[in-house]
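Below is one structure, written out as structure tokens; comments come after it.
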Amino acid sequence: RLASPPPHNSTLWIDDLRRRHLASLTHREVVRGLRAVSSSYVERRATALPGGRVLDGAGKRAAFALYYGPLHLLATWHIFQSIDAPASGPALPVMDVGCGTGAVGAAAALATGATDVHGLDVHPWALAEARHTYQALGLQGTMTRASAGRLRRPARPSLIVCGYVANELSEDDRARLGDMLSESVRHGSRVLVIEPLARAAAPWWTDWTARLPGARLDEWKLRVAPPEVTRAIGESAGLTPTQVNVRTAWCGGI
């Protein structure tokens, strides 16, 4: 299906990404970084685990921010429009678990009318990048360095988003994350989990999501219109920047 248009203020964020990441890198260097990042995620997922080398080097970081960040924002924005989350209750503060560039949490906040986002990640660069994302999109962001598999449920009901993080965890940490999410839903939080659609990335999906109370499961094959910079580096790296395939679990409250 054709994805919804991006939020109106995302242009300022893209301009900020270009300014910060392309100031000292060439197009070729970013493309080389994207090929390395893509290879780590698709072929050698162990290097993408917390503490791995997927974000080593300016080229890889620029590629991750300029390519995956915008695609994650577009996909998340469309998902929230489609599941009618804005109409399911008052805006809740967003807890962005494994926040990465902050794109998933920011899209969730913009789609639901929230203004506060709390980003959590183990990587210092990701926390700094997420802070830039929240600020560029007009959101109030706070940051905590923490592992997604070691979190307690939020003290007050929140919108918890876990974008592309559960597949990067060890089996034990993923189980702990699932327990935290389940407990949070029972205490009034809402949860959206996003993972790649490829079965090899999430062979645990069916059993793991069965523990989430009232979870709605969907599969999405989205045609998106990425920013020109995202399209250019993606096509140069041999990827398909106009297609995003993901699976989701949505717990809208019980």
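Among residues that are in a helix (DSSP H, G or I), touching a residue at least 40 places away in the same chain (Cβ under 8 Å) and surrounded by 16 or more Cβ atoms within 10 Å (Cβ to Cβ), W220 is not included.
Taking the listed residues L217, L192, the one that is of a type outside the set (K, R), closer than 28 Å to A65 by Cβ and within 18 Å of the chain's Cα centre (by Cα) is L192, with no other qualifying.
Being touching a strand residue (DSSP E or B) at 6+ places or on another chain (Cβ under 6 Å), modelled with pLDDT under 95 and more than 17 Å from G119 (Cβ to Cβ) is a property that A202 has. Considering only residues in segment 128-180 that are within 18 Å of the chain's Cα centre (by Cα) and among the basic types (K, R), the one that is least open to solvent (accessible area, probe 1.4 Å) turns out to be R174. Return the residue satisfying two criteria in turn: it lies in segment 198-217 and is open to solvent by less than 30 Å² (accessible area, probe 1.4 Å) and in contact with a Lys or Arg (Cβ under 8 Å, 6 or more places away or on another chain), and of such residues it is nearest to L110 (Cα to Cα). Per the criteria, the residue is P213.
Each row is one residue, and each column tells you yes or no for (1) modelled with pLDDT of 95 or more; (2) crowded, with 22+ Cβ neighbours inside 10 Å.
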| residue | (1), (2) |
| --- | --- |
| R53 | no, no |
| R61 | yes, yes |
| F64 | yes, yes |
| L74 | yes, yes |
| Q81 | no, no |
| G89 | no, no |
| P93 | yes, no |
| D96 | yes, yes |
| T101 | yes, yes |
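Here is the figure for segment 215-231: residues that are touching a helix residue (DSSP H, G or I) at 6+ places or on another chain (Cβ under 7 Å) and not β-branched (V, I, T) total 6.
The values are calculated or read from the model by the stated rules, or taken from the named source; none is laboratory data. The structure displayed is predicted, hence computed values, not measured ones. No Cβ is skipped: glycine too gets one built from the backbone with ideal geometry, and neighbour counts run over all protein chains shown. Heavy atoms of the whole protein, side chains included, go into the accessibility calculation; ligands, DNA and RNA do not. Shrake-Rupley method; radii C 1.70, N 1.55, O 1.52, S 1.80 Å.
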